[in-house]
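Student: Can you read through this structure? Questions will come right after.
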Amino acid sequence: MSTVNECPTVAVLGLGYIGLPTAAVLATNGIDVVGVDTNHDTVEAVSSGTVPFVEPDLEIAVAGAVSQGRLTAQREVPDVTIYVLAVPTPFGENHQPDLSFVDAATDSITPHLKDGNLVILESTSPPGTTERLANRILAARPDLSLTPSAGTGLIHIAHCPERVLPGRVMVELVTNDRVVGGLTPEAAGHAKDLYQRFCKGRVVVTDALTAELSKLTENAYRDVNLAFANEIANVAEHLGVDPWELISIANLHPRVSILNPGPGVGGHCIAVDPWFIASAAPAQSPLIQTARRVNDSRPEAIVRTVLDTLGDRAAPRIAALGLSFKADIDDLRESPAREIVKRLSHLVPTAHIRVVEPHISTLPSDLASTANVELSQLLEATEDADLILLLVDHAQFRDLDVTDLRLNGAALIDTRGIWR
Ligand code: SAJ
């Protein structure tokens, strides 16, 4: 049997935080890759070798792959041998998974599928999504099947969840171990062959359901650990203890390793994925659901601290440092910093909130439409501030001389513990 990987051509659907780096790494490793995105601006940006978001070392990889002709971008789905789906999997009402992007991407490739093609779902997905994808394809294409059968073409389908850390994507894509879950062992084998072209870590093979759940388990594990740190911070702050000193002392124990508390847990992964477990097994996942709620309540705790600190000060000037969901990136998705600024702007309408976010050039629409919030520069925001609220530990803020800020007489709330 000829394998799909002898001389593969790959289409990556979704040129976002995961799809574009994956497309670039595949192309850099000698594979012809077509990036597909429904967003015209994204297609234009990638076609000209640029990157529409911040991720270290990505632009140089994209520019190189585009200039070599290995990576192209377009809105139409091409005929290739391997389709990689890297589209969003958000949640909707009541934290129920929204698979509309997966469905749309599936439907868009279905007419193009041919005997021997491989479809890989990379999007972090609720249990059963890979099977659902297969059923959708097979319902529309009765001429295809997952196992050899007379009169039908063979289609291979696998799930290979991404596990890379934003900010380190280009490194971790290559060095992390990968898990490949096939709907059939043959599908898993073909997917493994593809990832082994660039992945220096182990490529572990399993079934699709286990692969789906493994990714969700990893992020739920981290979320539960973050919830512990944030709950300890709540306890410490309530009792007048410095949470970072407390945790650093507790961490001296050889079998204790508590994470850093913060203003909450954001991003499109850890703040979302545990709900996919909760949705699939609600009665079996009380700890995971409680952890989500603990982390989701942290912005409210920070807002209360800010209100207590401001007291009855009239028309307070607040410098809010950072808006992204974590350090040194521009991603505002599910960002607790953004949530805190939004709540403050509503709760203290007389406040003037200057947001300093070095990685963006315009405020997101929910804040831009708020009269008392503006995007500002560090010095401008802090020089006459009544309160400096550190929300994200960007390098630019870590390197600040905090003594200078204090000299201006502003109150200081450091939600990341970087200026202790
Ligand atoms: N955070 C803290 N304290 C810490 C560490 C993180 O408050 O000590 C906060 C961050 O500020 C952020 C949130 O937690 O708001 C999540 O950040 P993160 O760096 O822990 O993780 P993500 O969301 O950037 O990436 C995670 C990673 N998963 C795990 O580490 C298990 C990554 O490997 C996944 O690929 C990614 O989710 C994903 O795409 O699912």
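Student: Out of 225, 260, 251, any idea which swings most in a Gaussian network model of the chain, alpha carbons joined below 10 Å?
Tutor: Maximum fluctuation in the GNM of the chain, among the listed residues, is at 251.
Student: How large a share of the accessible area of the chain, in percent, is made up of carbon and sulfur atoms when the probe is 1.4 Å and the other protein chains stay in place?
Tutor: It is 53 percent, rounded to a whole number.
Student: To the nearest 0.05, how large is the calculated FRET efficiency for residue 399 and residue 150 if R₀ is 60 Å and r is the Cβ-Cβ distance?
Tutor: Given R0 = 60 Å and the Cβ-Cβ separation, E is 0.35.
Student: Here is a further query. Sorted by average packing, counted as other Cβ atoms within 10 angstrom per residue and highest first, what order do 9-17, 365-373 take?
Tutor: 9-17, 365-373
Student: Here is a follow-up. Compute for the stretch 252-380: radius of gyration divided by Kirkwood radius, i.e. Rg/Rh, restricted to C-alpha atoms, rounded to two decimals.
Tutor: With Rh from the inverse mean 1/r over Cα pairs, Rg/Rh is 1.03.
Student: Here is a follow-up. What whole-number distance in Å separates the alpha-carbon centres of the stretch 99-140 and the stretch 219-269?
Tutor: 39 Å
Student: Per q in 0.17, 0.24 1/Å, what log10 I(q)/I(0) does a Debye calculation on the alpha-carbon atoms of the stretch 345-420 return?
Tutor: Relative scattering, expressed as log10 I(q)/I(0), comes to -0.68, -1.28.
Student: Okay, moving on. Can you tell me the accessible area per residue over the stretch 219-414, all protein chains present, probe 1.4 angstrom, in square angstrom?
Tutor: I get 47 Å² per residue for this part.
Student: Where does the chain land at 222 nm, in deg cm²/dmol rounded to the nearest 500, when only DSSP H runs of n ≥ 4 count, each adding -39500 (n - 2.57), divided by all residues?
Tutor: Estimated from H runs of four or more residues: -12500 deg cm²/dmol.
Student: Could I ask something else about it? For the stretch 25-119, give the magnitude of the charge dipole about the Cα centre (Cβ charges: +1 Lys/Arg, -1 Asp/Glu; no others), in debye to the nearest 20.
Tutor: 280 debye
Student: Round to a whole angstrom and tell me the spacing of the C-alpha centers of the stretch 199-213 and the stretch 311-368.
Tutor: Taking the Cα centre of the stretch 311-368 as reference, the centre of the stretch 199-213 is 39 Å away.
Student: A further question on this structure: When 1/r is averaged over all different Cα pairs and the result inverted, which Kirkwood radius in Å belongs to the stretch 143-299?
Tutor: Over the stretch 143-299, the inverse of the mean reciprocal pair distance is 18.1 Å.
Student: Treating only the Cβ atoms of Lys and Arg (+1) and Asp and Glu (-1) as charged, compute the dipole magnitude of the chain about its Cα centre; round to the nearest 20 debye.
Tutor: Rounded to the nearest 20 debye, it is 740 debye.
Student: Using only the Cα atoms of the stretch 2-201, construct the convex hull and provide its projected area averaged over every direction, in square nanometres to one decimal.
Tutor: Over every viewing direction, the Cα hull of the stretch 2-201 projects on average to 10.8 nm².
Student: The chain: D in µm²/s via Stokes-Einstein (Kirkwood Rh, Cα pairs, 37 °C, 0.692 mPa s)?
Tutor: 142 µm²/s
Student: Enumerate the lysines that residue 192 could reach by cross-link, defined here as Cα to Cα under 24 Å, with residues fewer than 8 away along the same chain left out.
Tutor: Answer for residue 192, where 24 Å is the Cα cut-off: 114, 200, 215, listed by chain and number.
Student: Which loop-located trypsin sites (Lys or Arg not before Pro) does the stretch 281-338 contain, where loop means any DSSP state but H, G, I, E or B and the Cβ has at most 15 other Cβ atoms within 10 Å?
Tutor: 313
Student: List the equivalent ellipsoid semi-axes of the stretch 82-206 in whole Å, largest first, each obtained as the square root of 5λ for an eigenvalue λ of the Cα gyration tensor.
Tutor: The equivalent ellipsoid of the stretch 82-206 has semi-axes of 24, 20, 11 Å.
Student: Angle between the Cα long axis of helix 129-140 and the longest principal axis of the chain, 0 to 90 degrees, nearest 10?
Tutor: That helix lies at roughly 40 degrees to the long axis.
The values are calculated or read from the model by the stated rules, or taken from the named source; none is laboratory data. Quantities reported herein were computed from a predicted structural model and do not represent experimental measurements. Virtual Cβ from ideal backbone geometry, glycine too; neighbours counted across all protein chains shown. What goes into the accessible areas is simple: the full protein's heavy atoms, side chains included, and nothing from ligands, DNA or RNA. Shrake-Rupley method; radii C 1.70, N 1.55, O 1.52, S 1.80 Å.
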